[in-house]
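Trainee: Quick one: this structure, given as structure tokens, is what I'll be asking you about.
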Amino acid sequence: MKRFVKRTALTLCMALSSTLPAASAKVFETVGFEKTLVHSKERDENLTVLIWYPALPGGDLEAVGENRVFAGTKAFQNAPVAKGMHPLVLLSHGSGASVERMAWIAVELAANGFVVAGPNHPGTTSGDSTPEDTPKLWQRTNDLSTLLDHLLQDPVWRAAIDPERVGSLGFSLGGAAVLRSVGALATVEAYVRYCDTYPGMADCRWFKGGRAYRHGEEIKVRPFDLRSVNRARFEQREQDLRIRAVVAVDPALAAVFDPASLEPVNIPLHFINLGLPKTIPIAVKSDELAEGASSGSLDYVANAVHFSFLPECAPGAADFLKRIGETDELCADGGARPRAELHQELADKIVTVLQNSLSVGK
């Protein structure tokens, strides 16, 4: 969903030039990470990829995703990979965000035995995000399949990943991508009808807003007409049979996907909505999708909001965002519980679901 696209990409790029805050104090001694490039034939460019993994001692302690707005999450860069065959989780970030923003959950998963890998999706990532690129879910699903191909062919990762235990985790537009990658279907007509019916939803406002981001700068663009989306590519069915479980958190296009398209998908599909049933925006409300899936389940995180999946905010970040004119309350969680507590509940739910679905420890 496009709830953090409007100014966030520019905000984060501006923030990087400011004094950085201290990163989260939480350190997992057994988690390593690396940053690499993976070539995409579909896009004819390299994808920036981050990989977190169970590690042996070594490497340099770094805070991934640290900037003026968000606290980083620490792990040991280029630490040796722990021996054994580990389950894999593919990550897909939200629109206008980045895989670095998902470091907090990636580290939690790696600390529990998973290799976790995700790309920055060109055209819908921080500093590089346009309304025209947003509906091109086929590019995101190709990014994930390309990354999986790479990991299973690379000599180091092939020896560390169990190809029979691959899952995926997506937030917002990433949630839509991981659902589409296992068979979820939508039509352009349904997408148009959704925005005609709910023009106030943030993703629909994004299409009509006349702005985009390139190279970290806000630019003016024409309002985007959803009817111009490549119908054949948007509506084609995709199913990467190597993926054995999916977790979708506040998935975008929840009101657009056909719930019946998930009925033949015979792997666990777990949905998490941030908030309680009466508070969930129609854009991400997942009850009908969970009911339509043959192996679907749905959970809620009370007192959370859509932005609660973002990293913990640095001290003074909320005031900083107000000063620079950011209108989205990226650091607000409803006031009832701190983001760290919400993250822990989310992590517990996600880790448990993926452990059970991928038979971790078998």
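The values are calculated or read from the model by the stated rules, or taken from the named source; none is laboratory data. Given the structure is predicted, the values throughout are model-derived calculations rather than measurements. Here the Cβ is made from the backbone with ideal geometry for all residues, glycine too, and neighbour counts use every protein chain on show. Ligands, DNA and RNA are stripped out before the accessible areas are found, and what is left, the full protein with its side chains, is counted by its heavy atoms. Shrake-Rupley method; radii C 1.70, N 1.55, O 1.52, S 1.80 Å.
Trainee: Cross-link list Lys35/Lys83; Lys136/Lys278; Lys35/Lys322: which exceed 22 angstrom alpha carbon to alpha carbon?
Mentor: Those over the limit are Lys136/Lys278; Lys35/Lys322.
Trainee: From largest accessible area down, sort Trp52, Trp104; use a 1.4 Å probe on the protein chains.
Mentor: Largest accessible area first, the residues go Trp104, Trp52.
Trainee: Let me ask something additional. Normalised by the number of residues in the chain, what is the relative contact order in percent for Cα pairs under 8 Å and 6+ residues apart?
Mentor: In percent, rounded to a whole number, it is 18.
Trainee: Oh, and also: At a threshold of 8 angstrom on Cα-Cα distance, excluding pairs fewer than six apart, so keeping six or more, what relative contact order does segment 175-226 reach in percent?
Mentor: 26
Trainee: Which three semi-axes in whole Å describe the equivalent ellipsoid of segment 33-83, each the square root of 5 times a Cα gyration tensor eigenvalue, listed largest first? All intermediate terms of the calculation are to be shown ahead of the outcome.
Mentor: Working: eigenvalues 107, 64, 9 Å².
Each semi-axis is √(5λ); the values are 23, 18, 7 Å.
Trainee: Starting at the first residue of segment 172-178, write each ³J(HN,Hα) from the Karplus equation 6.51 cos²θ - 1.76 cosθ + 1.60 with θ = phi - 60°, in whole Hz, x for Gly and Pro.
Mentor: The phi angles translate into 6, 5, x, x, 5, 5, 5 Hz.
Trainee: Hey, another quick one. In nm, what is the difference between 0.36 nm times the number of residues separating Glu291 and Tyr198 and their Cα-Cα distance?
Mentor: Stretched fully, the Glu291-Tyr198 segment lengthens by 31.2 nm.
Trainee: At 1.4 Å probe radius, can you tell me the per residue accessible area of segment 174-306 in Å²?
Mentor: Numbers: 5810 Å² over 133 residues.
Result: 44 Å² of accessible area for each residue.
Trainee: State whether segment 25-109 is rounded, prolate or oblate according to the following rule on the C-alpha gyration tensor (a ≥ b ≥ c being the square roots of its eigenvalues): a/c under 1.5 gives rounded; otherwise a/b larger than b/c gives prolate, and the remaining case gives oblate.
Mentor: Oblate, since a/c reaches 1.5 and b/c is not below a/b.
Trainee: Which one of Val229, Tyr300, Ala252 is farthest out on the positive end of the charge dipole of segment 198-301, using unit charges on Cβ (Lys, Arg +1; Asp, Glu -1) and the Cα centre as origin?
Mentor: Result: Val229, furthest along the dipole toward the positive end.
Trainee: Divide the volume of the convex hull of the Cα atoms of segment 200-293 by its number of residues and quote the answer in cubic angstrom per residue.
Mentor: Spelled out: Cα convex hull of segment 200-293, divided by residues, is 150 Å³.
Trainee: What value, in deg cm²/dmol to 500, does the helix sum -39500 (n - 2.57) over DSSP H runs of n ≥ 4 give at 222 nm once divided by the residues of the chain?
Mentor: Here the helix-only value at 222 nm equals -8000 deg cm²/dmol.
Trainee: Which whole-number percentage describes the relative contact order of segment 208-323, with Cα contacts under 8 Å and a sequence gap of 6 or more? Don't jump to the answer; show the numbers that get you there.
Mentor: Values: 156 pairs, mean separation 23.9, N = 116.
Across segment 208-323, relative contact order equals 21 percent.
Trainee: A further question follows. Top to bottom by accessible area (1.4 Å), largest first, where do Lys35, Lys349, Lys278 land?
Mentor: Working: Lys35 120, Lys349 45, Lys278 205 Å².
Of Lys35, Lys349, Lys278, the descending order of accessible area is Lys278, Lys35, Lys349.
Trainee: Rounded to two decimals, what ratio of Rg to Rh does the chain give with C-alpha atoms and a Kirkwood Rh?
Mentor: When Rh is taken as the Kirkwood radius, the ratio is 0.93.
Trainee: I would also like to ask the following. Listed highest first by mean packing, meaning other Cβ atoms within 10 Å per residue, what order do 109-120, 160-171, 86-97, 255-266 come in?
Mentor: 86-97, 109-120, 160-171, 255-266
Trainee: If you don't mind, another one. Calculate what fraction, in whole %, of the accessible area of the chain sits on carbon and sulfur atoms when a 1.4 Å probe is rolled over the protein chains.
Mentor: 50
Trainee: Okay, next question. Could you order Thr124, Thr187 so the one with the most accessible surface comes first? Probe is 1.4 Å.
Mentor: The residues order as Thr187, Thr124, largest area first.
Trainee: Right, here's the next one. Using only alpha-carbon positions, what ratio does the radius of gyration of segment 217-362 give when scaled by 2.2 N^0.38 Å? Could you put the intermediate results ahead of the total?
Mentor: Working: Rg = 18.1 Å, N = 146, 2.2 N^0.38 = 14.6 Å.
Here the Cα radius of gyration is 1.24 times the empirical estimate.
Trainee: Give the whole-number value, in cubic angstrom per residue, of the convex hull volume spanned by the C-alpha atoms of segment 127-230.
Mentor: 123
Trainee: Here is a follow-up. Which log10 I(q)/I(0) values, to two decimals, does segment 93-178 give at q = 0.11, 0.12, 0.18, 0.24 Å⁻¹ under the Debye formula with one point per Cα?
Mentor: Debye intensities relative to I(0), on a log10 scale: -0.31, -0.37, -0.80, -1.23.
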